[in-house]
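The values are calculated or read from the model by the stated rules, or taken from the named source; none is laboratory data. Values in this document were obtained by computation on a predicted structure and should not be read as measured data. Backbone-built Cβ (ideal geometry, glycine too); neighbour counts: all protein chains shown.
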Amino acid sequence: MPITIPIGAHYNTGHGLRVRWESRAAGLRIGRMVRTPLTPEERERGERLGRLLRESRGGRSMAEVAAGAGISAETLRKIETGRAPTPAFFTVAALARVLGLSLDDLVGRCPLVAV
């Protein structure tokens, strides 16, 4: 279904794209949506989550835990090192299940704390 976008207006597609009708001459402009930068508190919480998951993994390999959670080992590596400080809820839930952690425990041990 076509949509009408007024000149100069933005439209978010819901798929990480942002559309703007510049002008009749310039035409349609498509760009990526910019994510709001994380606060220091959010980054610290992500690092704590990563440490907790890494400790809970114990002697199991990263590949084994990642496969059990249905994610790639690279994604788990990014979460554990804090490079992905805000993983999706269902990713965290799957990792918690594989590692035998409750979501309540994760939330309790990774609160948002002022840095």
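For region 86-104, what are the residues that are among the β-branched types (V, I, T) and not in a helix (DSSP H, G or I)? Steps first, please.
Quick first cut of region 86-104, residues among the β-branched types (V, I, T) only: 86, 91-92, 98.
Across region 86-104, the qualifying residue is only T86.
Taking region 86-105, which residues are closer than 24 Å to T36 by Cα and either of a type in the set (S, T, Y) or crowded, with 16+ Cβ neighbours inside 10 Å (or both)?
Across region 86-105, the qualifying residues are T86, P87, T91, V92.
Any residue in region 59-79 that is touching a Gly at 6+ places or on another chain (Cβ under 8 Å) and either at pLDDT 95 or above or not hydrophobic (A, V, I, L, M, F, W, C) (or both)? Show your work before the answer.
Step one: list which residues in region 59-79 are touching a Gly at 6+ places or on another chain (Cβ under 8 Å), which gives 79.
This time we only want the ones that are either at pLDDT 95 or above or not hydrophobic (A, V, I, L, M, F, W, C) (or both), so: 79.
The answer is yes; a qualifying residue exists.
Would you mind finding the one in V98, V92 that is at negative phi, of a type outside the set (G, A, S) and without any contact (Cβ under 8 Å) to a residue 40 or more places away in the chain?
On the way: V92 fails: without any contact (Cβ under 8 Å) to a residue 40 or more places away in the chain.
Result: V98 is the single residue among V98, V92 that is at negative phi, of a type outside the set (G, A, S) and without any contact (Cβ under 8 Å) to a residue 40 or more places away in the chain.
Looking at (1) touching a strand residue (DSSP E or B) at 6+ places or on another chain (Cβ under 6 Å); (2) at pLDDT 95 or above; (3) not hydroxyl-bearing (S, T, Y), which is the only condition E22 fails?
Of everything listed in (1) touching a strand residue (DSSP E or B) at 6+ places or on another chain (Cβ under 6 Å); (2) at pLDDT 95 or above; (3) not hydroxyl-bearing (S, T, Y), E22 misses just condition (2).
Could you list all residues from region 43-85 that are surrounded by 16 or more Cβ atoms within 10 Å (Cβ to Cβ) and in a loop (DSSP other than H, G, I, E, B)?
Selection gives I71, G82, A84, P85.
Could you run through region 105-115 and say how many residues are aliphatic (A, V, I, L, M), in a helix (DSSP H, G or I) and touching a residue at least 12 places away in the same chain (Cβ under 8 Å)?
Residues of region 105-115 that are aliphatic (A, V, I, L, M), as a first pass: 106-107, 112-115.
The next check asks that each one be in a helix (DSSP H, G or I); those that pass are 106-107.
Still in the list and also touching a residue at least 12 places away in the same chain (Cβ under 8 Å): 106.
Number satisfying all stated conditions: 1.
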